[in-house]
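Right, one structure below, let's go through it.
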Amino acid sequence: SDDGDEALVTLQSVMAADEPYVLMETAAAGLGITCLPTSVCRKALAEGRLVRVLPEWTAGSIETTILMPHRRGQLPAVRAVVDFLAERLGG
């Protein structure tokens with residue numbers, strides 16, 4: 001509540017998915033709450049389709065690791081994808 005009281009609640013899962021866009025659309029349809037990366041839900045938040053219910057809380061960050069063969073055995077297309085991801089993800 002707004003006065004700082006704490007409440008213990010028991011959650012009941014209505015569905016599970018490992019695809020963040022499915023979780024976002026499910027929450028936007030009113031089926032419950034979910035934990036999403038900002039990059040996935042930024043537009044839905046701006047449009048008012050989603051509302052952040054715990055603005056002071058974060059689930060942490062995600063680390064992405066790419067494992068691949070030595071450069072000698074790499075296809076140029078694989079190297080291009082890795083370079084693109086590293087640039088986009090800040091690596």
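Summary of values
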item: Principal axis box of the chain, alpha-carbon based, largest edge first, Å; result: 60, 26, 26
item: Along the chain, longest interval not containing exposed GluC sites (Glu not before Pro), exposed being DSSP loop plus at most 13 other Cβ atoms within 10 Å; result: 7-55
item: Max mean-square fluctuation residue, GNM over the chain, Cα-Cα springs under 10 Å, options V78, V14, V51; result: V78
item: Computed over the stretch 35-80, the ratio Rg/Rh where both radii use C-alpha atoms and Rh is Kirkwood; result: 1.26
item: Listed residues L67, L50, L36, most fluctuating in the chain (Gaussian network, C-alpha, under 10 Å); result: L67
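Bear in mind these aren't lab numbers, they're just calculated from the coordinates by the rules spelled out. Because the structure is predicted, anything quoted here is derived from the model rather than measured. Neighbour counts are summed over all protein chains in view; Cβ atoms, including those assigned to glycine, are modelled from backbone coordinates with ideal geometry.
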